Amino acid sequence: MKEYIISELTSKNDKYACAIADKIISESKETDKWYEYFDDFAVLLSHTKSLVRNRAFCILAANIKWDDENRFDVYLEEYLSHITDEKPISARQCIKSLAQIGKSKDKYIPSILEAFQNADLSKYKDSMRPLIEKDIEEVKNIFTA
């Protein structure tokens, strides 16, 4: 089953893979049935394809509330590294998903805020940098509201 799920999420048919991810995310709001694959989803954080990484951000964020074993601790640093992902869209997806992570597990908020503070956004084009900065501010505001 594990190999099947990962192959579905990494399918060349992005529309199909996105639909699978949406199903997992939706179901994860109500049940922990996908949590058993948490470590497998986390492996996708280092996938070469940015769309796959984006799926991983959202799936992990949706499952963080079920993480009573604190398995996310192992992946936090890698997850936070994507705040400055090579692809600005992935950076934005990562940042937005961090809001859900912090809301579900407030113990991660200090690390998230520190990563925001240390993020070097200078590599992004002038057209994208303000959007990423805005995303960071929005997440910060969620944490301080």
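The values are calculated or read from the model by the stated rules, or taken from the named source; none is laboratory data. All values reported here derive from a predicted model rather than from experimental measurement. Don't worry about glycine lacking a Cβ; one is built from the backbone with ideal geometry, like all the others, and counts go over all protein chains shown. Accessible surface areas use protein heavy atoms only, side chains included; no ligands, DNA or RNA. Shrake-Rupley method; radii C 1.70, N 1.55, O 1.52, S 1.80 Å.
Observations on the structure shown:
- Contacts under 8 angstrom Cβ, first residue in the range 104-116 being within 19 Å of Arg92 (Cβ to Cβ), partner basic (Lys, Arg), 6 or more apart: Leu113/Lys140; Phe116/Lys140
- The set of residues from the range 116-125 being out of contact with any Lys or Arg (no Cβ under 7 Å at 6 or more places or on another chain) and open to solvent by less than 30 Å² (accessible area, probe 1.4 Å) comprises Ala119, Tyr124.
- Scan of the range 33-55 for residues that are of a type in the set (Lys, Arg) and outside any helix (DSSP H, G or I), ordered by number: Lys33, Lys49
- Selected residue [farther than 28 Å from Thr10 by Cα, aliphatic (A, V, I, L, M), out of contact with any Cys (no Cβ under 6 Å at 6 or more places or on another chain) and open to solvent by 50 Å² or more (accessible area, probe 1.4 Å)] from Leu51, Leu131, Leu113: Leu113
- If you go through the range 1-10 and keep only what is surrounded by fewer than 15 Cβ atoms within 10 Å (Cβ to Cβ) and either in contact with a Pro (Cβ under 8 Å, 6 or more places away or on another chain) or assigned to a helix (DSSP H, G or I) (or both), you end up with Lys2, Glu3, Tyr4, Ser7.
- Failed item, numbered, when Glu36 is tested on (1) surrounded by 14 or more Cβ atoms within 10 Å (Cβ to Cβ); (2) of a type in the set (Asp, Glu); (3) closer than 24 Å to Asn70 by Cβ: (1)
- Being open to solvent by 80 Å² or more (accessible area, probe 1.4 Å) and either of a type in the set (Lys, Arg) or within 16 Å of the chain's Cα centre (by Cα) (or both) is a description that does not apply to Lys105.
- Selection of the range 11-33 for residues being open to solvent by less than 40 Å² (accessible area, probe 1.4 Å) and either at pLDDT below 95 or under 26 Å from Glu86 (Cα atoms) (or both) yields Ser11, Ala17, Ile20, Ala21, Ile24, Ile25.
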